[in-house]
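Input: a single structure, listed below in structure tokens.
Derivation of every value follows stated rules applied to the coordinates shown; laboratory data play no part. Owing to the predicted nature of the structure, the values given are computational and were not obtained by experimental measurement. Don't worry about glycine lacking a Cβ; one is built from the backbone with ideal geometry, like all the others, and counts go over all protein chains shown.
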Amino acid sequence: MEDAAFSDEFCRFLRAAVPSVDAAELLLLLQRESARWWSAPEAAAELAPAVVLSESDVARYFGIFQASALVAVAPDKRVQYLPGFSALEAHVQTLEQAYRERPVTLIRVIYALRDNSIQSFAAAFKLRKS
Amino acid sequence: MGTLNLLLTLLAVLASLTCTLLLFRAYAGNGVRLLLWSALCFVCLTGNNVLLFFDLAVFPELDLRLYRLCASLAGILFLLYGFLWEAE
């Protein structure tokens, strides 16, 4: 996997839909079993003990996935992996590949993207992009 | 005095409008939500400065202070919400 895989588009996707490594694990779980409808407790139990997530954390990530058009939500708040458009599906495939082949790089990118809001704020006032 | 008011308030409008456009441009480029809330804040601050322009330079007999303060308050609330949202 080349560094080019972490394209601007993919990084934008990570910033919007994958706020943490735990969220990435959760999203990949939903993708692996894409036919299944998951409740927050079921997903938290499935990820344990490797990933310890509270039900409220899982529910919050479900909300982020829903806002990013990655999942469908049933009236009983169960979710199913169902990307709204093909570009999202491709991003999740890239995420899965990065997680499998270059997990350390992926983790570093996720946290680097999360922490750069203030930097982005400062950079917004540069008239020319450096 | 009237000319000075006109110049200063126009500069304030231009400055805040520039900030608004730069922040929206940056948000369109990288999707960082803090930039969206900041841009919305500057939309309100631009509105505040436009009102200030009309208040001081065009219709000095009118008192638009309440509307200006409301616009500023809305802007600060957008910014505050953005910082709280990002902190999560």
Only one residue in B:LEU69, B:LEU80, B:LEU36, B:LEU73 is away from chain A (no Cβ under 14 Å), within 30 Å of A:ALA112 (Cβ to Cβ) and either surrounded by fewer than 20 Cβ atoms within 10 Å (Cβ to Cβ) or of a type in the set (Ser, Thr, Tyr) (or both). Which one? B:LEU80
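Quick one: would you say A:LEU30 is touching a helix residue (DSSP H, G or I) at 6+ places or on another chain (Cβ under 8 Å) and either outside any helix (DSSP H, G or I) or free of Cβ contacts under 8 Å to residues at least 12 places away in the same chain (or both)?
Values: touching a helix residue (DSSP H, G or I) at 6+ places or on another chain (Cβ under 8 Å): yes; either outside any helix (DSSP H, G or I) or free of Cβ contacts under 8 Å to residues at least 12 places away in the same chain (or both): no.
Taking the combined requirement at face value, the residue does not satisfy it.
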Name the pairs: first residue in segment A:65-93 and closer than 20 Å to A:GLU55 by Cβ, second residue acidic (Asp, Glu), Cβ to Cβ under 9 Å, at least 6 apart or on different chains? A:ARG78/A:GLU42; A:TYR81/A:GLU33
With respect to the numbered conditions (1) in contact with a Phe, Trp or Tyr (Cβ under 9 Å, 6 or more places away or on another chain); (2) in a helix (DSSP H, G or I); (3) within 29 Å of B:ALA28 (Cα to Cα), which one is the sole condition not fulfilled by A:ALA69? (2)
Identify the single condition in (1) more than 14 Å from chain B (Cβ to nearest Cβ); (2) within 16 Å of the chain's Cα centre (by Cα) that A:ARG78 does not satisfy, given that it satisfies every other one. (2)
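Listed residues B:THR3, B:THR46, B:THR18, B:THR9; which is away from chain A (no Cβ under 11 Å) and either loosely packed, with under 13 Cβ neighbours inside 10 Å or free of Cβ contacts under 8 Å to residues at least 12 places away in the same chain (or both)? Quick ask: steps written out before the conclusion?
Numbers: B:THR46 fails: either loosely packed, with under 13 Cβ neighbours inside 10 Å or free of Cβ contacts under 8 Å to residues at least 12 places away in the same chain (or both); B:THR18 fails: away from chain A (no Cβ under 11 Å); B:THR9 fails: either loosely packed, with under 13 Cβ neighbours inside 10 Å or free of Cβ contacts under 8 Å to residues at least 12 places away in the same chain (or both).
None of the others qualify; the one that does is B:THR3.
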Matching option when the condition is farther than 22 Å from A:VAL73 by Cβ and small (Gly, Ala, Ser), among A:ALA50, A:ALA43, A:ALA24: A:ALA50
Restricting segment A:86-115 to residues that are polar (S, T, N, Q), closer than 21 Å to A:ASP22 by Cβ and surrounded by fewer than 16 Cβ atoms within 10 Å (Cβ to Cβ), which is farthest from the other protein chains (Cβ to nearest Cβ)? A:GLN97
